[in-house]
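Everything below concerns the one structure shown next.
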Amino acid sequence: MNDKFGVVVGIIVAVAVIITMIVFLMNAQPLEIGEYVLVGLVVIIILGAAYIIARRFRSVKAGMPSEDERSKLVNYKAGYYAFIVAIWASLGIGFASDMMAEDFGMSIIPRHVSSIILLITGLAFVVSYLILNRKGDVA
């Protein structure tokens, strides 16, 4: 029962994100190049999450648990890599913002910093999950 609930919640969250993305793109003014990059990152994260949810859905539908021990280890290791990327991304964005302010007279808007860090972290998790899952070496 708990596995089915987790899969249903994952599907609901994925659909809500997709709907939010569609509404944002329909109501957005002409996007700049940087915004296209951010939208592309969100689409990659959505596709990676859809793969993970579909895999768990197939397992639950077949009567098996949504995660086995290997899947849990892949999740833990991918989460570890995403955490490390988040730390380095926050440092890198801070330095980049300082350099941009000094050299070019422009800076990253503070509200965008957290969004950029979250997108980079989410992308790192999805990519590392897919690589670790395909490679199979999680020890």
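Among 71-84, 29-42, how do they line up from the highest to the lowest mean number of other beta-carbon atoms within 10 Å?
Order by mean packing, descending: 71-84, 29-42.
Between helix 2-27 and the chain, what is the angle of the helix's C-alpha long axis to the longest principal axis, kept within 0 to 90° and rounded to the nearest 10?
Relative to the chain, helix 2-27 is tipped by roughly 30 degrees.
Would you mind classifying the stretch 1-67 by shape? Square roots of the alpha carbon gyration tensor eigenvalues, ordered a ≥ b ≥ c; an a/c under 1.5 is rounded, otherwise it is prolate if a/b is larger than b/c and oblate if not.
Prolate, since a/c reaches 1.5 and a/b exceeds b/c.
Across 5 Å bins from the origin, how do the percents of Cα pairs in the chain run, short distances first?
Result, from short to long distances: 2, 9, 14, 18, 18, 15, 11, 7, 4, 2, 1, 0 percent.
Summing -39500 (n - 2.57) over the DSSP H runs of n ≥ 4 in the chain and dividing by its residue number, what mean residue ellipticity at 222 nm do you reach, to the nearest 500 deg cm²/dmol?
The helix-only estimate for the chain comes to -30500 deg cm²/dmol at 222 nm.
Using 0.36 nm per residue of separation minus the Cα-Cα distance, give me the extension gain between Ile22 and Phe83 in nm, one decimal.
The span from Ile22 to Phe83 would gain 19.1 nm if fully extended.
Rounding to the nearest 10 and keeping the result within 0 to 90°, find how far the Cα-based axis of helix 33-61 lies from the longest principal axis of the chain.
So the helix axis and the longest Cα principal axis differ by about 10 degrees.
Looking at Thr20, Leu38, Ala54, which one has the Cα that reaches farthest to the positive end of the dipole of the stretch 1-67 (charges on Cβ: Lys, Arg +1; Asp, Glu -1)?
Selected residue: Ala54.
Listed highest first by mean packing, meaning other Cβ atoms within 10 Å per residue, what order do 86-92, 52-58 come in?
52-58, 86-92
May I ask for the angle, rounded to the nearest 10°, between helix 69-104 and the longest principal axis of the chain, with both axes built from Cα atoms and the value confined to 0 to 90°?
0 degrees
Each value in this text was obtained by applying a stated rule to the coordinates, not by laboratory testing. The structure presented is a predicted model; accordingly, all values stated were derived computationally and were not measured. Cβ sites come from the backbone with ideal geometry, for glycine too, and all protein chains shown count toward neighbours.
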